[in-house]
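Notes to accompany the following structure.
The values are calculated or read from the model by the stated rules, or taken from the named source; none is laboratory data. Please read all numbers here as calculations on a predicted model, not as lab measurements. FYI the Cβ positions are ideal-geometry reconstructions off the backbone, even for glycines, and counts take in every protein chain you see. Just the protein is used for accessible areas: all its heavy atoms, side chains included, with ligands, DNA and RNA removed. Shrake-Rupley method; radii C 1.70, N 1.55, O 1.52, S 1.80 Å.
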Amino acid sequence: MTSEWPLWEVFIRSQHGLAHKHAGSLHASDAEMAMKNARDVYTRRNEGVSIWVVKSADVVASAPGDREALFDPANDKVYRHPTFFPMPDEVKHI
Amino acid sequence: MNDNARFEFLLRMGDNALVLAQRLSEWVGKGPVLEEDIALTNVGLDLIGQARMWLSYAGEVEGAGRDEDALAFRRDQHGFRNLLLVEQPNGDYAETTARQFLFDRWHLLALGAMTRSRDERVAAIAAKAGKEVAYHVERSSDWVIRLGDGTDESHARMQRAIDGLWMYAGEGFLPDATDDAMAEAGIGPDLAALRAPWREGVAAVLAEATLALPADDFAQRGGRQGRHTEHLGHLLCEMQFLQRAYPDARW
C-alpha cells in the first residue's frame, strides 16, 4: 500500500533560519496529507515555523555522472573567490 | 460546591485522555504506514500530557496524598471515570479512526467551554489542551472523509465502524449530579448544550465522507460513573502491570 503513495520532499524553515532546508521525505496520497505528515514526522521537536512539501517526481536533479562536466571547471578558477582584495582591519566577520 | 465533585470532574477529564492514549499506544510500530504510525503516536503523547495535568490537579484537590501516578496506576477499573467510547478496542483502522473522530469532536467542544471556567487551573489546562485537540479534530475528520469517500472496502469499513461505535458516542452529553454541580459552579461545561454543535459537525463530515448518520440515538452510559465495558480491565492489566508487580518502581 505504501508504494502506491507518491514520495514527497519536505523542506522546513527553522525558528531562526531564513531559508527552508531539506529535512527528508515521506509518502502521502496528496498535498494535504503530505503537509500533515510533514508536520507530524519532521516538526515534533519544535523544529519549524514553516513547511514546504514538493512531489519528489517534480524535483529535477543533476545526474551523478555529469559531476565532472558540471563542477570540475570551477576547480581552477580561484579568481572567482573574493580572496585577492585587501580587507580593512575594521571590517569584521567576513 | 464540594471538592469531591471537582475531584470527580477532574478524574473524568484525565481518564478520558489517559485511557485513549493507552489505546493509541497499542498502535505503536503497527500503524498502516510509517507516517501514520508517528502521527497517531503524536496524538497519544498529546493525550498523555493532558492526562498528567488533569490527574495532578485531581490529586491536589483530593488532598489524600495521591499524585498523578498513583491515580493512573493504582486504581482499579471501577475507580476509572472515562467515557465508554475511549476504552473500546482499536479494531481495524476505520474503528480506531471512528473512535478518535467521535471523541475528538466532543473533546474540543468540552475544552472550548472549559476555557471560560471559573477555576483558573481548569481554564489554563483547557486552553493548552484545546490547541492540541484542534489538530486532532482536523486529522481524524480528514481520515473519516478519506476512508468514507475512498474505495468500496474502506467505505464499508468506515460505515461499519461509525455504526458500531455510535451507541457510545452520546455518553458525553448526559450530565449527572456531578456535572450539574460543576456547571452550576461555573467550573465545568453544560454537557447537554454541546450535543447540537457536536451533531452538526459530525453530520457535516459524514456527509462529505458519503457516510450515513446513524438514526438511533440510544446511548450507553456508565463509564463516567465507574461502570465499564469488559474491555477496560484488560487495558488496565497491561497499563498497570509494572506498578502492580513492582510498586514504586522508577526509571
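Side notes on the structure shown:
- Residue B:103, sole failed condition from (1) more than 20 Å from residue B:223 (Cβ to Cβ); (2) under 13 Å from the mean Cα position of the chain (by Cα): (1)
- Test: residue in segment B:25-36 that is open to solvent by 10 Å² or more (accessible area, probe 1.4 Å), within 12 Å of chain A (Cβ to nearest Cβ) and either in contact (Cβ under 8 Å) with a residue 12 or more places away in the chain or within 17 Å of the chain's Cα centre (by Cα) (or both): yes
- Qualifying residue in segment A:28-42 (condition: more than 20 Å from residue B:31 (Cα to Cα), part of a loop (DSSP other than H, G, I, E, B) and out of contact with any Cys (no Cβ under 8 Å at 6 or more places or on another chain)): no
- Residue check for residue B:208: in contact (Cβ under 8 Å) with a residue 60 or more places away in the chain, within 27 Å of residue B:155 (Cβ to Cβ) and loosely packed, with under 15 Cβ neighbours inside 10 Å: yes
- Selection status of residue B:77, surrounded by 16 or more Cβ atoms within 10 Å (Cβ to Cβ), more than 14 Å from every other protein chain (Cβ to nearest Cβ), under 15 Å from the mean Cα position of the chain (by Cα) and of a type in the set (S, T, N, Q): no
- Among the residues of segment B:46-68, those that are under 18 Å from residue B:86 (Cα atoms) and touching a Leu at 6+ places or on another chain (Cβ under 9 Å) comprise B:47, B:48, B:50, B:51, B:52, B:54, B:55.
- Hits in segment A:30-72 (condition: small (Gly, Ala, Ser) and open to solvent by 50 Å² or more (accessible area, probe 1.4 Å)): A:31, A:57, A:61, A:62, A:65, A:69
- Filtered by the rule that a residue be assigned to a helix (DSSP H, G or I) and open to solvent by 60 Å² or more (accessible area, probe 1.4 Å), segment B:226-242 gives B:234, B:237, B:238, B:241, B:242.
- Screening residue B:46 with (1) away from chain A (no Cβ under 13 Å); (2) open to solvent by 10 Å² or more (accessible area, probe 1.4 Å); (3) touching a residue at least 60 places away in the same chain (Cβ under 8 Å); (4) assigned to a helix (DSSP H, G or I) gives one miss only, at (1).
- Residue within segment A:4-27 that is part of a loop (DSSP other than H, G, I, E, B) and within 14 Å of chain B (Cβ to nearest Cβ) present: yes
- All of (1) more than 14 Å from every other protein chain (Cβ to nearest Cβ); (2) open to solvent by 20 Å² or more (accessible area, probe 1.4 Å) hold for residue B:72 with one exception: (2).
- Any hit, segment B:4-17, residues being within 14 Å of chain A (Cβ to nearest Cβ) and assigned to a helix (DSSP H, G or I): no
- Per-region count, segment B:117-162, residues open to solvent by less than 40 Å² (accessible area, probe 1.4 Å) and farther than 19 Å from residue B:104 by Cα: 3
- Filter result (under 15 Å from residue A:14 (Cα atoms), more than 10 Å from chain B (Cβ to nearest Cβ) and not hydroxyl-bearing (Ser, Thr, Tyr)) within segment A:29-50: A:45, A:46, A:47, A:48, A:49
- The combined condition, being assigned to a loop (DSSP other than H, G, I, E, B), without any contact (Cβ under 8 Å) to a residue 60 or more places away in the chain and closer than 15 Å to residue B:175 by Cα, is fulfilled by residue B:219.
- Residues that are open to solvent by less than 30 Å² (accessible area, probe 1.4 Å), at pLDDT 95 or above and farther than 24 Å from residue B:232 by Cβ do occur in segment B:169-185.
- Checked against the criterion of being under 25 Å from residue B:58 (Cα atoms) and of a type in the set (D, E, K, R), the candidates B:200, B:171, B:138, B:153 yield just one match: B:171.
- Selected residue (criterion: farthest from the other protein chains (Cβ to nearest Cβ)) from residues of segment A:51-63 that are closer than 14 Å to residue A:9 by Cα and assigned to a loop (DSSP other than H, G, I, E, B): A:60
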